[in-house]
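Accompanying notes for the structure given below.
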Amino acid sequence: MAERLLMEADSLMRADSAFWLAAVNRTHPAVCQYDSAIRKKLDNAMLMCPGLKKVYLTKYVYLMRSWKPDEILLLLRKMATNVPDSIAADMWSLKAVLEDRAGFRDTAKHDFRKADSIYELTLRHYAKEQRDTMQYSAIRVMKALNLSLLYDNFQLLQHELELYRRVYETPLNGWEVLYTIESKEQYYRFVFGN
């Protein structure tokens, strides 16, 4: 039954192509025309089967597209309890940022460190497999951003961005704004607009 609700919610999400084709706009978030039905189906699927990872990941993607930070935090907290092994490094880092903004500094530090350890494992895997060096470099930058947020010291991030630029002779595409970030508060203003 939970799988069926997940498929129905997914079908409703795909039915609103304008929602998926538009860029995520943090100042004026888009709302899917079937929003309430999608949420109800996903929430019911989570209640029926709290360990079904696909439901959480589907809702996570949906909330990110809708740009609902408060709801994303609640979902990530639920995921940390019910399906912690399905949380990727970038999700732990986002959870840490959201916890930090909500005033839960100790939880944020724990989550930043959890993200860091997952980034480290991913980097080891890429190094061992000698796979895609550009992806390896991007993960190094994401790890540096995570640590910069943890310690509120952006020198590490600036160093990684400069290293990336020197190696690839171009800035990291789409991440140009990171070259100007000097503090956690500045980063939060960029991400959340306040």
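The values are calculated or read from the model by the stated rules, or taken from the named source; none is laboratory data. In this text, all values refer to a predicted model and were calculated from it rather than measured experimentally. Cβ coordinates were reconstructed from backbone atoms using ideal geometry, including for glycine residues, and neighbour counts include every protein chain displayed.
In table form, for the structure just shown:
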| read-out | value |
| --- | --- |
| Long-range neighbours under 8 Å by Cβ, at least six apart or interchain, first residue farther than 24 Å from Leu47 by Cα and hydroxyl-bearing (Ser, Thr, Tyr) within region 80-100, second assigned to a helix (DSSP H, G or I) and at pLDDT 95 or above | Ser93/Asp111; Ser93/Phe112; Ser93/Ala115; Ser93/Met142; Ser93/Leu145; Ser93/Asn146; Ser93/Leu149 |
| Flag for Lys68 being basic (Lys, Arg) and farther than 28 Å from Tyr119 by Cβ | no |
| Test: residue in region 154-168 that is touching a residue at least 12 places away in the same chain (Cβ under 8 Å), farther than 27 Å from Glu99 by Cα and loosely packed, with under 13 Cβ neighbours inside 10 Å | yes |
| Helices (runs of 4 or more DSSP H) completely within region 14-90 that count 3 or more residues being surrounded by 14 or more Cβ atoms within 10 Å (Cβ to Cβ) | 35-48, 53-66, 69-82 |
| Odd one out for Trp67 among (1) more than 30 Å from Arg165 (Cβ to Cβ); (2) of a type in the set (Phe, Trp, Tyr); (3) at pLDDT below 95 | (1) |
| Qualifying residues in region 147-169 (those that are in a helix (DSSP H, G or I), out of contact with any Pro (no Cβ under 7 Å at 6 or more places or on another chain) and among the charged types (D, E, K, R)) - the one modelled with the lowest pLDDT | Arg166 |
| Any hit, region 116-131, residues being touching an Asp or Glu at 6+ places or on another chain (Cβ under 9 Å), free of Cβ contacts under 8 Å to residues at least 24 places away in the same chain and not assigned by TED's automatic domain parsing to the domain that holds Glu185 | no |
